Amino acid sequence: MSTVSIGLLPTGIGEPVQATVGRTARYLRETWLLVVRSLRTVPRVPERLSDVTIQPVVFTLLFLYVFGSAIHVPGLSYQNYLVPGLVGQGVAFGVIGAGVATSTDFTSGVIDRFRSLPITRLSVITAQVVGQMLEQILGMMIYIGVGLAAGWRPQFSTAGLAEFIGLVLLGVFAFNWLGVLLGMMVRSSDAMQGIGFALVFPLSFLAGAFVPISGMKAVPRAIGNWDPLSAFVAAMRHICQGTNAQGSWQLEHPIVAMLGWSVILIGVCVPLALRRFRRVESAI
Amino acid sequence: MPEPAVLAEALSKQFGDVVAVDAIDLNIPAASVMALLGPNGAGKTTIVRMLATLCEPTSGTASVCGFDIVREADAVRNAISLTGQFAALEANLTAQENLILMARLRGYRRRAAAQVAEHLIDQLDIAEFKDKLVKSISGGQRRRVDLAASLVVKPKLLVLDEPTTGLDPRSRQAVWSAIRELVTEGVTVLLTTQYLEEADELADQVVVMDHGRAVASGTPPELRAQIGDHRVDVVVADPADVDRVVEALGSRFLLTLDRARRTVSVPAPNEAVELALVAQELKQAVIPVDEISLRRPTLDDAFLALTGEPSTTVVEARDDFAGVPS
């Protein structure tokens with residue numbers, strides 16, 4: 001089919017389908033287009049994926065083979081102790097990935113263009129979350145793959161596996177929304193990177209992913225006992241290896257606590273992020 | 001009378017204590033070009049953002065093609081295309097991929113979107129770099145892609161925020177001819193610019209802005225009548241000679257002085273005539289001169305003529321994004 005337009009504007013090339021489909025169909029279509037857009041950019045800037053590819057490999061190998069030789073956990077091999085913990089604290093790193101991607105988009109003007117289009121605005125922010133979730137899921141799979149190769153042996157039933165996958169997805173989803181919210185509030189991706197690391201790094205080390213909280217000094221132990229990430233770490237370990245932790249209510253009921261923290265994060269961040277997105281404005 | 005493309009009444013926007021746009025009235029007839037002319041910080045971009053539904057006015061009303069920019073924002077977005085000041089393209093996609101994405105988001109099916117992209121690549125001379133990532137093409141090329149991205153559907157109103165700032169003369173001409181072509185195809189254009197020449201070349205109506213206010217408005221000939229035409233600039237080598245130039249020319253011309261630049265400026269409605277007269281006078285007075293030149297009036301001259309004072313250039317915060325300052 002050849003185009004029949006003679007002028008600068010494309011005319012006679014079929015009509016846009018937008019008017020003919022319902023609102024939900026439009027929303028899904030637009031979200032899909034925007035997710036594909038962000039996935040397409042991945043091979044062009046592979047280094048942007050380093051936080052979900054290189055970092056899991058480095059963390060796993062570093063702790064297993066460098067620090068692990070000096071860490072002894074009673075009743076568990078260090079592989080079985082470490083890998084579920086890494087997955088548990090790893091969900092929080094989504095804050096950095098999602099935050100940096102969001103602040104980059106918002107400072108580049110490309111989001112302005114999307115917002116000036118007749119597309120559902122919810123699709124723009126949904127695509128942001130979905131795209132980041134896919135990246136984080138890749139990171140989780142790398143943790144699991146490297147862990148299995150290094151000798152991690154999870155012991156769960158099919159129901160346990162489903163529970164494991166469900167909780168990981170929920171955690172990733174919750175922290176991604178926090179990242180999107182922070183990404184919209186912070187004005188540069190460098191600042192977002194800094195804030196993300198300052199927030200996530202200490203909490204992940206205090207969460208008992210690498211060494212037991214019970215062996216820490218009083219102050220870090222107190223923080224670790226109530227660090228939200230500790231619940232994620234303890235929940236993963238409970239599901240994968242059947243271990244039980246002590247020290248605080250949330251550690252004794254890690255699955256309920258992990259669900260609770262995720263719901264709180266989602267309940268706070270989603271409405272705030274949506275509100276912020278709707279009224280993102282310029283400030284001279 | 002056909003409905004105006006843009007109708008704004010007392011449109012205002014305040015950010016905290018700063019009044020960015022102060023009671024602006026606009027009436028842009030369909031298929032015409034309106035230029036908002038002013039320095040950085042004059043409020044041009046804020047007007048554009050309000051009309052493009054990216055931020056809401058603090059007070060006043062505006063409609064685009066009859067749709068209210070606040071209550072009927074969806075309909076407004078359907079009628080407009082915005083090309084922002086900062087090329088709003090995905091830097092890590094190619095020019096072609098960006099255009100296809102925009103066409104898809106505008107509702108074209110895959111095949112049609114590819115054809116639309118192909119057509120625009122052809123029309124706007126993008127073919128040469130269509131497979132390059134946008135981050136690796138030049139500023140002028142990026143503007144062309146950006147403009148193309150705004151044209152995947154025929155907009156009723158095309159909003160161009162400083163479409164030629166930072167472009168070389170050839171790229172500027174290319175953008176200008178594209179704009180003229182679009183107007184003949186029935187598109188209404190609202191553009192902002194810091195260049196008097198650009199407003200003069202393209203616009204049917206010009207609104208001159210400073211500090212969020214309209215300081216003058218009219219057709220280019222009307223404004224030219226107020227601003228005056230060309231000027232002859234005399235630059236002397238020795239600062240002390242400025243006074244001698246004033247002495248030699250002061251009785252015949254209304255002079256403007258810029259001592260810091262050792263420049264005396266003479267209005268030249270008849271262009272070469274005044275140029276010759278000035279040169280003759282200086283020759284007779286035997287004043288050594290660095291440079292004599294005939295030039296078009298600049299935005300600064302316009303402000304001087306229209307407001308009696310020079311434009312105040314405020315550094316405008318990058319206001320493509322968003323966060324409210326804490």
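Any read-out appearing in this document is the output of simple, stated calculations on the displayed coordinates, not a laboratory observation. Every value quoted in this text rests on a predicted model; they were computed, and no experiment measured them. As a convention, Cβ positions derive from the backbone with ideal geometry for all residues, glycine included, and neighbour counts pool all protein chains shown.
Here are the numbers for the structure shown:
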quantity: Taking the convex hull of Cα positions in the stretch B:1-114, its mean projected area over all directions (nm²); calculated: 9.1
quantity: Amide H contacts of B:Ser32 (H built 1.01 Å from N, under 5 Å, at least 5 apart or other chain); calculated: B:Val189
quantity: The stretch B:202-216 - phi-based ³J(HN,Hα) in whole Hz, Karplus 6.51/-1.76/1.60, Gly and Pro as x; calculated: 9, 8, 7, 9, 10, 10, 8, 10, 8, 6, x, 10, 7, 8, 6
quantity: Cross-link reach list, aspartates and glutamates versus A:Lys217, counting only Cα pairs under 19 Å and skipping chain neighbours closer than eight places; calculated: A:Asp227
quantity: Residue mean of other protein chain beta carbons inside 10 Å, B:72-79; calculated: 3
quantity: Span-rule helices in chain A, defined as complete DSSP H runs reaching 24 Å or more along the axis (Cα) with Kyte mean at least 1.0; calculated: A:121-149, A:158-185, A:189-206, A:254-278
quantity: Whole-number D in µm²/s for the stretch A:1-159 (Stokes-Einstein; Kirkwood sum over Cα pairs; 20 °C, 1.002 mPa s); calculated: 112
quantity: For the protein assembly as shown, share of DSSP beta bridges that run antiparallel, in % to the nearest 5; calculated: 65
quantity: Residues with amide H under 5 Å from that of B:Ser217, placed H, sequence gap 5 or more; calculated: B:Val208
quantity: Alpha-carbon Rg/Rh ratio, for the stretch A:72-227, with Rh computed the Kirkwood way; calculated: 1.05
quantity: Footprinting exposure proxy for B:Ile24, A:Ile137, B:Ile47 (fewest neighbouring C-beta atoms within 10 Å first); calculated: A:Ile137, B:Ile24, B:Ile47
quantity: Phi-based couplings in Hz for the stretch B:186-193 (Karplus 6.51, -1.76, 1.60; Gly and Pro marked x); calculated: x, 8, 8, 10, 10, 10, 10, 7
quantity: Set of lysines near B:Lys13 by C-alpha distance (under 21 Å), chain-local residues within fewer than 8 positions excluded; calculated: B:Lys44
quantity: Ellipticity estimate at 222 nm from DSSP helix runs (n ≥ 4, -39,500 (n - 2.57)) divided over chain B, nearest 500; calculated: -10500 deg cm²/dmol
quantity: Column: log10 I(q)/I(0), Debye, Cα scatterers of the protein assembly as shown, q = 0.07, 0.08, 0.09 Å⁻¹; calculated: -0.57, -0.70, -0.81
quantity: Separation of the A:Asn244 and A:Val256 label points, Cα + 7 Å toward Cβ, nm; calculated: 1.3
quantity: Farthest toward positive dipole pole in chain B [+1 Lys/Arg, -1 Asp/Glu at C-beta], among B:Gln14, B:Gln141, B:Ile47; calculated: B:Gln141
quantity: Per-residue mean of C-beta atoms belonging to partner chains within 10 Å, peptide B:151-159; calculated: 3
quantity: Size of charge dipole - the stretch A:2-283 - debye, nearest 20, with Cβ of Lys, Arg +1 and Asp, Glu -1, no other charges; calculated: 500
quantity: Nearby aspartates and glutamates by direct alpha-carbon distance to B:Lys132 (threshold 16 angstrom, same-chain neighbours under 8 apart not counted); calculated: B:Glu90, B:Glu97, B:Glu118, B:Asp122, B:Asp146
quantity: Inter-chain shielding of B:16-25 (mean C-beta neighbours from other protein chains, 10 Å cut-off); calculated: 1
quantity: Selection of trypsin sites (Lys or Arg not before Pro), the stretch A:216-284, meeting DSSP coil and at most 14 other Cβ within 10 Å; calculated: A:Lys217, A:Arg279
quantity: Rg to Rh quotient for chain A, alpha carbon positions, Kirkwood Rh; calculated: 1.06
quantity: Ranking of B:Asp204, B:Asp233 by count of other Cβ atoms within 10 Å, fewest first; calculated: B:Asp204, B:Asp233
quantity: Alpha-carbon centroids, the stretch B:200-279 and the stretch A:74-116: separation in whole Å; calculated: 59
quantity: HN-Hα J in Hz across the stretch B:33-49 - Karplus 6.51, -1.76, 1.60, θ = phi - 60°, x for Gly and Pro; calculated: 10, 10, 10, 9, 10, x, x, 4, x, 6, x, 4, 5, 5, 4, 4, 5
quantity: Residues with amide H under 5 Å from that of B:Tyr108, placed H, sequence gap 5 or more; calculated: A:Val17
quantity: At q = 0.10, 0.11 Å⁻¹, base-10 log of I(q)/I(0) for chain B (Debye sum, equal scatterers on each alpha carbon); calculated: -0.67, -0.78
quantity: Rounded to the nearest 20 debye, dipole of the protein assembly as shown from Cβ charges on Lys, Arg, Asp, Glu; calculated: 2700
quantity: Bridge type composition, chain B - antiparallel percent by DSSP, nearest 5; calculated: 65
quantity: Cut-off 11 Å between beta-carbons: net charge of the residues surrounding B:Glu247, Lys and Arg +1, Asp and Glu -1; calculated: -2
quantity: Cut-off 15 Å between beta-carbons: net charge of the residues surrounding A:Ala245, Lys and Arg +1, Asp and Glu -1; calculated: 0
